[in-house]
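The values are calculated or read from the model by the stated rules, or taken from the named source; none is laboratory data. Every value quoted in this text rests on a predicted model; they were computed, and no experiment measured them. Note: ideal-geometry Cβ built from the backbone for every residue, glycine included; neighbour counts use all protein chains shown. Surface accessibility is based on the protein's heavy atoms, side chains included, excluding ligands, DNA and RNA. Shrake-Rupley method; radii C 1.70, N 1.55, O 1.52, S 1.80 Å.
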Amino acid sequence: MNHSNFNFYDTFDFDDDTLMFAFQVATVVVAKKESNNQRRRTGYRGSIPGHNIVNRNRNEGKLRLYNDYFAKNPKFTESQFRRRFRMSRRLFLRIANAMEAHNPYFKQRTNALGVLGLSCLQKVTAAHRILAYGIPADLTDEYL
């Protein structure tokens, strides 16, 4: 047998109905596996047995940050915002929108467990504080 002209698929004679049936079976198997993975994933609580999960209340931090600085009637005034961030709120939002559009890191995404991550405003606020104050990322936990 000449191996250079040998095609594995030519040795089988499948008609269209058989191929369609095989495709449907494969689709059902993949859907079932994915459904099992989804069920397993929701009960997953970390890679280390007995490891404590720290609830960081990211959504509460997001709401606090938004209500304090970016809501229609924020807790802090424009002058307090300017003192804290060294720029106007409008400029800060322009920078945040540009960073989110330019770099996918700044988009809010879900992690492997389906938990929503930090918002763009939280990430930009943390980056701004790290650069402005020269502090480590761990010290930005107030809203993050």
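Applying 1/(1 + (r/R0)^6) with r as the Cβ-Cβ distance of GLU78 and LEU113 and R0 = 35 angstrom yields a FRET efficiency of 0.35.
Expressed as a whole percent, the accessible surface of the stretch 48-144 that belongs to carbon and sulfur atoms is 55, based on a 1.4 Å probe.
Of the peptides 57-69, 73-85, the order by per-residue mean of other Cβ atoms within 10 Å, starting with the highest, comes out as 57-69, 73-85.
Model label points for ARG86 and TYR133, set 7 angstrom from Cα along the Cα-to-Cβ axis, are 1.3 nm apart.
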